[in-house]
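Read-outs: derived from the displayed coordinates by stated rules, not from any lab. Please read all numbers here as calculations on a predicted model, not as lab measurements. Please note: Cβ atoms are built from the backbone with ideal geometry, for glycine as well, and neighbour counts cover all protein chains shown.
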Amino acid sequence: MHNLFKICKGDRKMKFENLRKEDRELIKRSMLNHSVSLTSEALECKEAMSKEAYEKTMRDADRLIFLVNVLNDRKNYD
């Protein structure tokens, strides 16, 4: 797994892979759900949004999906 998620407290670092499986799945599921919400909102409000806002929202949604793939070891983190 990658060092994508680190929770730092002083000298202690907690890595994503050290979380319980249920917690890792919850985080990934939440990321995917948020990606779907962002995409839905952008598509629904496209006419009211600036082009830049629409494009940023869609990029953010795509990035969340990419990050889930990184966490699932399907993509390399860049």
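Details
- Of the two radii for the range 20-71, the radius of gyration is 1.10 times the Kirkwood radius, both from the alpha carbons; that is the Rg over Rh value.
- For R63 and K15, the difference between the fully extended length at 0.36 nm per residue and the C-alpha to C-alpha distance is 15.3 nm.
- Listed by chain and number, the aspartates and glutamates whose C-alpha is less than 19 Å from the C-alpha of K56, apart from same-chain residues fewer than 8 away, are E41, E44, E47, D78.
- Spacing of the modelled spin labels on V36 and K51, each 7 Å from Cα toward Cβ, amounts to 3.1 nm.
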